[in-house]
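Report on one structure; see the data block that follows.
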Amino acid sequence: AQSVTQLGSHVSVSEGALVLLRCNYSSSVPPYLFWYVQYPNQGLQLLLKYTSAATLVKGINGFEAEFKKSETSFHLTKPSAHMSDAAEYFCALSTGTASKLTFGTGTRLQVTL
Amino acid sequence: NAGVMQNPRHLVRRRGQEARLRCSPMKGHSHVYWYRQLPEEGLKFMVYLQKENIIDESGMPKERFSAEFPKEGPSILRIQQVVRGDSAAYFCASSPPRTGNTGELFFGEGSRLTVL
């Protein structure tokens, strides 16, 4: 069985500060890992994905994540937060093609002036 | 719009009524997934379907919930005799056939069910 743990249900940063959202996973097989973003009352939009190629993955809106097998982590970062980054972020795991995604419980990012 | 289409976007039902949520996958996608998001919680997997087949229903409640993906037409998530605890956002996602599939799901904007 696989699982995803997101540490910190709420994270608050100042505009311009570093964003770090944590994600750890557990999987018995090599995983595919994803970060999705959800704005209020909307669906989920893919930010980036790791599919066993480069361990440092760059996504949209300046976000990136690094896959660290030794730490079973896939933390999401952005060097400088913008007000428009305020949203809920979900880390998710898949164990192969055409398989369901297992989601973490989400981290709500607040960006303050 | 070539994305995943869900309707209705908002649905209000009284306790005991039936709710039907529809999902049309992206063009060329043959796999459909339904997820439920309760207030202030993450997304919980419900069911995974391909055309005319339920592949994985391990997340479906044992009673009152059913899903189908017929040969023609959208996928339907049906909730019979709704209760207040069914109030949630229901998201549909789709993915392409096995070839070229990296596990990414493409999500619709969700159907928000409110049970009075």
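The values are calculated or read from the model by the stated rules, or taken from the named source; none is laboratory data. Everything numeric in this text was worked out from a predicted model, so none of it was measured. For neighbour counting, all protein chains shown are included, and Cβ atoms are generated from backbone atoms with ideal geometry for every residue, glycine included.
Of the residues making up the stretch B:64-116, those that are away from chain A (no Cβ under 13 Å), polar (S, T, N, Q) and within 12 Å of the chain's Cα centre (by Cα) are B:Ser66, B:Ser75. Kindly indicate whether any position in the stretch B:12-22 is within 14 Å of another protein chain (Cβ to nearest Cβ) and aliphatic (A, V, I, L, M). Yes, the stretch B:12-22 contains at least one residue that is within 14 Å of another protein chain (Cβ to nearest Cβ) and aliphatic (A, V, I, L, M).
Mind listing just one residue for me: the one in the stretch B:25-53 that is modelled with pLDDT of 90 or more and touching a Gly at 6+ places or on another chain (Cβ under 7 Å) and, of those, nearest to the other protein chains (Cβ to nearest Cβ)? Here the answer is B:Phe45.
Scanning the stretch A:96-112 for residues that are over 18 Å from A:Gln6 (Cα atoms) and either modelled with pLDDT under 90 or not aliphatic (A, V, I, L, M) (or both) returns A:Gly96, A:Thr97, A:Ala98, A:Ser99, A:Lys100, A:Thr112. Residues that are free of Cβ contacts under 8 Å to residues at least 24 places away in the same chain and within 14 Å of chain B (Cβ to nearest Cβ) within the stretch A:60-113 comprise A:Ile60, A:Thr97, A:Ala98, A:Ser99, A:Lys100, listed in sequence order.
Only one of the numbered conditions (1) within 20 Å of A:Ser9 (Cα to Cα); (2) within 14 Å of chain B (Cβ to nearest Cβ); (3) crowded, with 17+ Cβ neighbours inside 10 Å; (4) touching a residue at least 24 places away in the same chain (Cβ under 8 Å) is violated by A:Gly43, and that is (4).
Among the residues here, A:Phe34 qualifies as within 12 Å of the chain's Cα centre (by Cα), closer than 16 Å to A:Ser3 by Cβ and either within 14 Å of another protein chain (Cβ to nearest Cβ) or of a type outside the set (D, E, K, R) (or both). Just to check your reading of the model, which residue among B:Leu49, B:Leu11, B:Leu77 is in a strand (DSSP E or B), surrounded by fewer than 23 Cβ atoms within 10 Å (Cβ to Cβ) and in contact (Cβ under 8 Å) with a residue 12 or more places away in the chain? Being in a strand (DSSP E or B), surrounded by fewer than 23 Cβ atoms within 10 Å (Cβ to Cβ) and in contact (Cβ under 8 Å) with a residue 12 or more places away in the chain holds for just one of B:Leu49, B:Leu11, B:Leu77, which is B:Leu11.
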